[in-house]
1. Quick test for you: out of Ala276, Ala324, pick the one residue that is among the aliphatic types (A, V, I, L, M) and open to solvent by less than 60 Å² (accessible area, probe 1.4 Å).
2. Name every residue in the stretch 279-304 that is among the hydroxyl-bearing types (Ser, Thr, Tyr), without any contact (Cβ under 8 Å) to a residue 40 or more places away in the chain and either open to solvent by less than 30 Å² (accessible area, probe 1.4 Å) or over 16 Å from Leu328 (Cβ atoms) (or both), in order of residue number.
3. Looking at the structure I just gave you, is Val78 open to solvent by less than 10 Å² (accessible area, probe 1.4 Å), touching a residue at least 60 places away in the same chain (Cβ under 8 Å) and either of a type in the set (D, E, K, R) or assigned to a strand (DSSP E or B) (or both)?
4. Among the residues of the stretch 480-491, write down those that are over 20 Å from Thr258 (Cα atoms), touching a helix residue (DSSP H, G or I) at 6+ places or on another chain (Cβ under 6 Å) and either open to solvent by 30 Å² or more (accessible area, probe 1.4 Å) or assigned to a loop (DSSP other than H, G, I, E, B) (or both).
5. Give me the pairs, please: first residue somewhere in the stretch 436-463 and without any contact (Cβ under 8 Å) to a residue 60 or more places away in the chain, second residue anywhere and among the small types (Gly, Ala, Ser) and open to solvent by less than 10 Å² (accessible area, probe 1.4 Å), beta-carbon distance under 6 Å, and either six or more positions apart or on two chains.
6. Among the numbered criteria (1) touching a strand residue (DSSP E or B) at 6+ places or on another chain (Cβ under 7 Å); (2) in contact (Cβ under 8 Å) with a residue 40 or more places away in the chain; (3) closer than 29 Å to Val245 by Cβ, which one does Phe552 miss?
7. So in the stretch 359-377, with the set limited to residues that are within 14 Å of the chain's Cα centre (by Cα) and on the phi < 0 side of the Ramachandran plot, which one is most open to solvent (accessible area, probe 1.4 Å)?
8. Can you name every residue in the stretch 435-454 that is closer than 17 Å to Thr258 by Cβ and either open to solvent by 10 Å² or more (accessible area, probe 1.4 Å) or not in a loop (DSSP other than H, G, I, E, B) (or both)?
Amino acid sequence: MSWTGKILRVDLTRGTVKSEPLNMDWARTYVGSRGLATKYLVSEIDPKIDPLSVDNKMIWATGPLTGTAASTGGRYTVVTKGPLTGAIACSNSGGYFGAELKFAGWDMVIFEGKSPKPVYLYINDDVAELRDAAHLWGKSVWETEETLKKQLQDPLTRVSSIGAAGEHQVLFAAIVNDMHRAAGRSGVGAVAGSKNLKAIAVRGTKGVGNIKDPARFMQVVKEKKQILKDNAVTGQGLPAYGTQVLMNVINEIGALPTRNHRDSQFEGAKDISAEAMATPRKTDGKKHLVTNQACFGCTIACGRVSKLDAGHFTVKNKPEYWGASGGLEYEAAWSLGASNGVNDLEALQYVNMLCNEQGMDPISFGATVSAVMELYGMGVLTKEQIGIEAPFGSAQALVFLAEATAKGEGFGKELGQGSKRLTAKYGHPELSMSVKGQEFPAYDGRGIQGIGLGYATSNRGACHLRGYTVASEVLGIPVKTDPLVSEGKPELVKAFQDATAAFDASGLCVFTTFAWGLADLAPQLAAACGDQYTTEELEKIGERIWNMERDFNNRAGLTAADDQLPKRLLEEAIKTGPAKGKVNELGKMLPRYYEVRGWNPDGTLKPETRERLGL
């Protein structure tokens, strides 16, 4: 029924790898990927453990639609307890790795313990073994992938690995596959580094069988692909411009966080936008953007492939960065650019490449640099401490700090702890634009009220991909709501959060939800896995997953006090644009949100909610 029915359990301490049957009762109840892996994790670890201790576990998980003919079926997730937040961490990635793991015959891989030396996991269909990674330790993601493919003599091997950031346990280190696709947020790469786990290399030749009704599945998949093709966002906007299509849009509505959220419009937005990427450079006459790119089985192809100006100061004597590579997406362009007042497109792309190469989350990195630049402007941090003059707008400082953070050198060690810890150390915790220790993405919660509530209540810390209400509040999908109004947003946020959890659990990409709802996902899951997957059942499954994550966080020690936004968003009004004068109205929205969630006023689950969802 579209699951392989098998998981790998890897004991890094003992060096053993064994196959186990998948718990099919759990699979039917939590579907897969984010939902199923989280169920395994919360059932097997004490929520109060140190995320970087030997007691933490990590799970690479696919969904039942991963590797199938369904559009965007290339997703996998990495689930663990996150070191950046101390909360549940679930980072999702695309590319080709997830499908390859499924083709090898595995639904998920569970890592436990800690290896006494660097290792990687080799999987070739039914063969799975831990191998020495001493020769890989110290290598970048790019070098690791290239080395393993040559060593294994199979260019179709797919690799998921950490770079220097993970090895140095940068708290926002990512896990990267296919050179520039990343399970990017919450520090999952640091957990791998703490376990001396360098990589997984997988080759699968089995394909995906067990589809319950193949003929019906192929028919419904064909119908749903047509919907994606006919949609303005998934059929036109994302293929042509990628997520960067949003840069000028969000700037114009006055919700583009600029200079650490001091402003909400960036005068240099046009210089770092999708349109700028597609315009020939004055220096060499070539376009920054080379082409778009799709992940496995994707009919949207939002990915960017870009090429730097070889004469730019960042790469003048570095030919290894002159080739085409993974290009800027909106979140990275914002965090590295507008958030720091930097409008040098080539510098942003170089730092983006560094983040891919060494395995760092560009959102948390860029937003932490923003706090550093504000502290520098206040005189709290000096050139001597940082190693460079670091005012807002300095591309040189951005590049210097990226290199230092990836290598774990100098002030980069402090920056690698994230903005919450860094700003607290220097006496200004209010300058960390984060929730639960995880930095905000590219939307100002004052100018888009619902996303502010979404940040505050996200189970993995501030995140747009846990409930992308921007779709409704800005783009009018599936219905238009006013971004400046807080009424009705608790209900909207809950609906988006639950639906997203169901999509994540299926193994498909959340970007399909610009065109699809749960009514489009349900028939695909029903044909692949079983008729129990109706729209109503998926709503309940999404809600179950959300509440399971919340319950884990509560047991880990997080409380309602952690569902909070920085004072800047609550007290400092937006200065310009359509949202001028607005602060986020979290105080109005949060109690109602708890109510619609079926939680107590202290943010814990009511017994009847627990019973209704079978938790």
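1. Details: Ala324 fails: open to solvent by less than 60 Å² (accessible area, probe 1.4 Å).
The match here is Ala276.
2. Filtering the stretch 279-304 for residues among the hydroxyl-bearing types (Ser, Thr, Tyr) gives 279, 283, 291, 299.
Pick out the ones that are also without any contact (Cβ under 8 Å) to a residue 40 or more places away in the chain and you get 279, 283, 291.
Within the stretch 279-304, just Thr283 meets the criteria.
3. Working: open to solvent by less than 10 Å² (accessible area, probe 1.4 Å): yes; touching a residue at least 60 places away in the same chain (Cβ under 8 Å): yes; either of a type in the set (D, E, K, R) or assigned to a strand (DSSP E or B) (or both): yes.
For Val78, the condition - open to solvent by less than 10 Å² (accessible area, probe 1.4 Å), touching a residue at least 60 places away in the same chain (Cβ under 8 Å) and either of a type in the set (D, E, K, R) or assigned to a strand (DSSP E or B) (or both) - is met.
4. Here is the first cut: in the stretch 480-491, the ones over 20 Å from Thr258 (Cα atoms) are 480-482, 485-491.
Add one more test, that the residue is touching a helix residue (DSSP H, G or I) at 6+ places or on another chain (Cβ under 6 Å), and what stays is 481, 486, 489-491.
Passing the criteria: Thr481, Ser486, Glu491.
5. Listed pairs, sorted by first residue: Ile451/Gly445; Gly454/Gly467.
6. Result: Phe552 fails condition (3) only.
7. So in the stretch 359-377, the residues within 14 Å of the chain's Cα centre (by Cα) come out as 359-365.
If we keep only those that are on the phi < 0 side of the Ramachandran plot too, we end up with 360-365.
Numbers: Met360: 6, Asp361: 5, Pro362: 29, Ile363: 13, Ser364: 0, Phe365: 0 Å².
This residue is Pro362.
8. The first filter runs over the stretch 435-454 and keeps only residues closer than 17 Å to Thr258 by Cβ, leaving 439-448, 451-452.
Correct list: Glu439, Ile451, Gly452.
The values are calculated or read from the model by the stated rules, or taken from the named source; none is laboratory data. This is a predicted model, so every value here is computed, not measured. Positions of Cβ are backbone-derived with ideal geometry, glycine not excepted, and every protein chain shown enters the neighbour counts. Accessible surface areas use protein heavy atoms only, side chains included; no ligands, DNA or RNA. Shrake-Rupley method; radii C 1.70, N 1.55, O 1.52, S 1.80 Å.
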